[in-house]
Structure formats: C-alpha cells, structure tokens
Amino acid sequence: MKDTTLILLAAGSSSRFDLPVKKQWIYLDGQPLWVQVTEAFERAAAFGRIVVTAEPGERKYMARFADHTFVAGGASRQESLANALAEVETPWVLVSDIARCCLDPEMLKRILEHKGEAECIAPALRAVDTVYYAKSPVNRDEIRLIQTPQLSRTETLRRALKEAKEFTDESSAIHALGEPVLLVEGSERAHKLTRREDLKRLDCLKPPARESFTGFGLDIHAFEAGKTMKLGGVTIDAPMGFKAHSDGDVAIHALIDALLGAAGMGDIGEHFPDTDPRWKGADSMQLLEAVLQRIRGVGLEPRHADLTILAQTPRLGGYKERIRRTLAQALDLSPARVNIKATTAEKMGFVGRKEGVTVHAVATLEIYDWSHAL
Ligand code: MG
C-alpha cells in the first residue's frame, strides 16, 4: 500500500450542521471526529502517506493531534482536493470526505482489491425507493448512489481536475474525461454526517468524554497617561490607561491566554500579533469573542474562569462585581462560574511602584456535549 496516499477532506465549514462546533471537531469519546476517522483508515490499511485538508486557521492546531501532512483547504471541495493532490507522490490516491465518518473496512477492502482495474474505483449503493427524475419515474435498477472513499490513479485525477467544471466527486470528474470508472458495492454504514439530525443515525459515533482542561494566563501592562483604562471589559475611572497595541485590557488578555492554554492553542500573540495593523487599538472584548468562536468551533466550551488582578492603583474593589458579570456574559456562563480577585502588591516591585498592572487567570474548558443537542 506504499503506492497509495490517503487524502481526507476535513476543511468544511459545516454550514448545514447547526451547532457551535464544526462536524470534524465533535468529540467522540476523548478524540475529535477527524482524528478517529483517520485512525480507522490507518487500522484498515497501511497508506504511503496521509494528507488532511484543514481550514487554513486550523492547520497548526490539527498538527498537534496527529503526525500527518496538513494542507490548507480551498473555497470548494474541488479546490481543497487540488491543494491536497499537489502533495501526492504515489501513483494511487484514495480520497474520502471526513463526513463519511463510519468507515466500513469491508467496503474499503472491496475498493482496494480492484486497484488497477479502472482509473477510478468508487463504492455505490442501489436505490431501494422508487426514483423520479424530472417528474417521471425511472428504472431504479439503473440508479447508483455514489459514496466515498474513492480510489483514483493520481495522474488521471490531476488531469480531470484541470477541467474548468466543478465536480462533486472524483468518479464524475474522471468519467467526464472519458476514462473508465468501476463501481463496487457501497455500504449503508458510509452515510454522511451533514446535518445535526445525522448524529442520531450514525452508529459509530460514541458520545463525547466528560473531560475538562485547565489553562493559565498571565499578562502585564504598563500605565500610559491620558488613555482610557479598560479592565475585564469595564471602563475604570482613572487618569491613565495601559500602554499597548490594542486597548490594553490586561485582564482580558490574561483570560484569553488561559482559554488558549486550556484549548492547546498557543498564546494570544500567535492569534493577534502586535505587528498586525488589524489589532491596533483593538477592543479586547472582540479579541475574546474571536477566541471563543475558535474554541467552540473545535468542540470545547468554557466552564469556569478565575482572575487575580494585582494593582497598587487604581482601587478596584468597587469594580470587581461589574468585571465578573461582564466576563461571565462574554463567556456565556452564569456569573457564579466567574471569580475576580484584586490585590495590591504591598508597595513592592513595579506594581507596588504604580508602574502597571499584572493579571493572572485560570480557565476551564469542557468537551462540548453534542449528545445533549440531539
Ligand atoms: Mg497584553
């Protein structure tokens, strides 16, 4: 099987899925779906290489889970496939949509044993219902519903994709070239996860594990006279604000780092570099929202946060409650799940000398329980 590369298409936006998490990132037991699908293929056959298409912003994150080649997906399935094909050096390529998440190893065997007998080998189901086309019934014995994975000769598939037309799968692209396509028996198990309702129908989906992850964040900002001071999304009545590329909300920055830490997503600088003019003067609350969207998109959700603000000045006792409620709302948590502590530095160090503020934050994420959404 060293002559075959596996391409898994996992860059979809899940626009029809109707949950905060993308379908490739729902957790099955303790693993994201795409990891489980990849491992199922690896158990069934030894591929020369595995190439996974990813949403460009998620490529680095996916690489933390598995040691494959991650390629940025494009605007369409076909574009993503073309990007992945550029990495393929083997004469054969097996392509599957990550949404066909319940791999039937018997079906895979049927496909692979016909290698070389056609330019593309695709699994197909027969129609069991009466089929109408353009208001008239047709002979359903002639109907085939095509599934994935499909095995193609790499060069032929490359040639087929150069055609300007948009194809929904490899078999139709190769058929359009006039090259032979061989259909083998598909599998009822290989249905696609497209809509949220499909979660009930697919029997290979184990419920998510009840696991939680804790992250820690720390941020420091120096004072700057004449700027508006923001802490935890609340405007503080003070003669100075914080020196920063963004609005300098040091509490939100520490919280973002705690959330990113729990998700295993690096740090705030990787997501919002201070060399990027887009974040100049940025409202930190918007950065927090963007981070939360990324975290929810990969199947995790905030459960708790605790912050300690070290400030000699200004006095924050009167603001703690507002900061707590503001952050709880931003995190979509009950205010009871957020805690804010404030302390001085007993006049020691840079905080004690009133040069700036330090914030420590801890946040907990849990795996999103999609089984409750059914
Ligand atoms: Mg900062």
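The values are calculated or read from the model by the stated rules, or taken from the named source; none is laboratory data. Remember, it's a predicted structure, so these values are computed and weren't measured experimentally. Virtual Cβ from ideal backbone geometry, glycine too; neighbours counted across all protein chains shown. All accessible areas refer to the heavy atoms of the entire protein, side chains included, with ligands and DNA or RNA removed. Shrake-Rupley method; radii C 1.70, N 1.55, O 1.52, S 1.80 Å.
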(request) Would you list which lysines come within 17 Å of residue 23, measuring only between C-alpha atoms, while excluding same-chain residues fewer than 8 positions from it? (result) 192, 200, 206
(message) Tell me which of 252, 231, 264 sits at the most positive position along the dipole axis of segment 222-272, charges placed on C-beta atoms (Lys, Arg +1; Asp, Glu -1).
(response) 231
(request) Express the accessible area of segment 214-351 per residue in Å², computed with a 1.4 Å probe while the remaining protein chains stay in the model. (result) 46 Å²
(message) Quick check: the angle from helix 33-44's long axis to the longest principal axis of the chain, C-alpha only, nearest 10 degrees?
(response) 40 degrees
(message) Placing +1 on the Cβ of each Lys and Arg and -1 on the Cβ of each Asp and Glu in the chain, which of 307, 240, 15 has its Cα farthest towards the positive end of the resulting dipole?
(response) 240
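When the helix-only estimate is applied to the chain (DSSP H runs of n ≥ 4, each -39,500 (n - 2.57), divided by the residue count), what is the mean residue ellipticity at 222 nm, nearest 500 deg cm²/dmol? Don't skip to the end; give the middle numbers.
Working: 12 runs with 100 residues, N = 374.
When only DSSP H runs of four or more count, the value is -7500 deg cm²/dmol.
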(request) List the cysteines in the chain whose Cβ has no other cysteine Cβ under 4.7 Å from it. (result) 101, 120
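Can you give me the % of accessible surface on segment 283-374 that is carbon or sulfur? Probe 1.4 Å, all protein chains present, nothing else counted. Before the final figure, lay out the partial values.
Details: 2030 of 4400 Å².
The C+S portion of the solvent-accessible surface of segment 283-374 is 46 percent.
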(request) Enter the Cα centre distance for the pair segment 1-76 and segment 224-246, rounded to the nearest angstrom. (result) 42 Å
(message) Quick one: 3J(HN,Hα) in Hz for segment 10-26, Karplus 6.51/-1.76/1.60 with θ = phi - 60°, rounded, Gly and Pro as x.
(response) 10, 9, x, 8, 6, 5, 9, 7, 6, 9, x, 9, 7, 5, 5, 10, 5
(request) Just tell me which lysines come within less than 20 Å, Cα to Cα, of residue 280; anything on the same chain fewer than 8 places away is out. (result) 227, 230, 243
(message) Test of understanding: express the Cα radius of gyration of segment 259-374 as a ratio to 2.2 N^0.38 Å, with N the residue count.
(response) 1.20
(request) Could you pull the Rg and Dmax for segment 1-155, using just the Cα atoms, both in Å? (result) 16.7, 52
(request) Determine the dipole magnitude for the chain: charges of +1 sit on the beta-carbon of Lys and Arg, -1 on that of Asp and Glu, nothing else is charged, the reference point is the Cα centre, and the result goes in debye to the nearest 20. (result) 880 debye
(request) Report the dimensions of the chain along its three principal axes from the alpha-carbon atoms, largest first, rounded to Å. (result) 82, 41, 38
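State, as an integer percentage, the relative contact order of segment 247-374 based on alpha-carbon contacts under 8 Å between residues 6 or more apart. Please report the intermediate quantities before stating the final value.
Details: 187 pairs, mean separation 44.5, N = 128.
Reported relative contact order: 35 percent.
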(request) Please turn the phi angles of segment 342-357 into ³J(HN,Hα) values with the Karplus equation 6.51 cos²θ - 1.76 cosθ + 1.60 (θ = phi - 60°), one per residue in order, whole Hz, x for glycine and proline. (result) 10, 8, 8, 10, 6, 6, 9, x, 5, 5, x, 7, 6, 9, x, 10
(request) Show 141, 247 ordered by accessible area, largest first, where the area counts protein heavy atoms only and the probe is 1.4 Å. (result) 141, 247
(message) Can you compute 3J(HN,Hα) from phi for each residue in segment 256-266, using the Karplus curve 6.51 cos²θ - 1.76 cosθ + 1.60 with θ = phi - 60°, rounded to whole Hz and x for Gly and Pro?
(response) 4, 5, 5, 5, 5, x, 5, 7, x, 10, x
